[in-house]
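Every number here is computed from the coordinates shown, using simple stated rules; none is lab data. From a predicted model like this one, the values you see are computed outputs, not experimental measurements. Methodologically, a virtual Cβ is constructed for each residue, glycine included, from the backbone with ideal geometry; neighbour enumeration extends over all protein chains shown.
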Amino acid sequence: MQSSEKNDILLYQADDGQTRLKVHLEKESVWLTQAQLANLFAVKTPAVNKHLKKIFLSGELKEKAVISILETTAADGKNYKIRYYNLDAIIAVGYRVNSYQATRFRQWATQVLRDHLVKGYTIHEQRLREETDKLREMQQTVDLLARTLTTQELVTETGKDVLRVISDYAYALATLDRYDHGTLILGETTGTTLRVIDYEEGISLVKTMKGEFDGLFGIEKDQGFKSALGTIYQTFDGKELYPSVEEKAANLLYFVVKNHAFSDGNKRIAAALFIYFLAGNGILYRPDGSKRLADNALVALTLLIAESRPEEKETIVKVIVNLINRSND
């Protein structure tokens, strides 16, 4: 006795090796036609029909509860509506005409339905877990917005810019969701890094900015700035952790803001270096000469990074990459 699943069709083979039936699996039961019942129990179709009528007349089973009308495509290409009978009806007939085959079929069907139920539960559990993760990501985004607006007391145009970026958050998350389900092909990211910025070049840029700001601006507290620049070029097993220019840029912005390597000016330095990096790799501007990522969006993203929690990093980086790519539209 064996089975092989193909969509909602199962193959049943009896012990004699001769009887083979294509069994429909639907509505948490297995289904056979009268002709298949006759074949299974080695009797004539009229005998099956007679027993079914007696079963329904006696009230043992309710006809509507055990019958399903299914469309079947015949060899001539036409569709025909055929009556199918579920496991309860199959066994009721079987015990009247061939109890051995009825018992064997019931054992097979019970195992099939149990396996189907477990498989269905597993798939449902996986989908529920995925949806929970997406919900958590959206909740993190909303929490981040609330913290940013509260902490920064953004009642000016900058606050509106943050709200616009949050709208783009929703766009980016929806884009990622469609990509995950194979309904969207994202535009290709820039794979080749044209300009590698090392610590010396990066700190030189910071020094050129010091003339515009007073006090403790640009004074390093630790090795966090050097670490941020080194991290975006890291490799593992011969492969880059951040293979595209967009991913490197997004992570560079995040790390410089969050590492707090300078006594003052971390967000300004991060934003300037982000622009410098994009320009050095030829993706700061669109073909028409306008910036891919508007200044107000960059300000809002920098503030969001500053107020974010570690577990929100992946979401933020995805959003930045998608915003850069979206600006190509």
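Brief remarks follow.
- Computed label-point distance, nm, for sites I82 and S263 using a 7 Å Cα→Cβ extension: 8.6
- L241/Q13 FRET efficiency (R0 45 Å; Cβ-Cβ; nearest 0.05): 0.30
- Taking other residues whose beta carbon is less than 14 angstrom from the beta carbon of V206, and scoring Lys, Arg as +1 and Asp, Glu as -1, yields 0.
- Residues K210, K44 in ascending order of nearby Cβ atoms (within 10 Å, fewest first): K44, K210.
- Long pairs among K207/K258; K22/K81; K27/K54; K210/K258, criterion Cα-Cα beyond 23 Å: K27/K54
- Beyond 20 Å in Cα-Cα separation lie the following of the pairs K248/K313; K221/K318; K226/K291: K221/K318; K226/K291.
- Ranked by how many other Cβ atoms sit within 10 Å of their own Cβ, fewest first, the residues T103, T231, T302 fall in the order T103, T231, T302.
- Residue exposure sequence - E312, E63 - by fewest surrounding Cβ within 10 Å: E63, E312
- Ordering of 66-72, 262-268 by burial proxy (mean other Cβ atoms within 10 Å per residue, highest first): 262-268, 66-72
- Were the residues from Y199 through A35 laid out at 0.36 nm apart, the gain over their Cα-Cα distance would be 51.1 nm.
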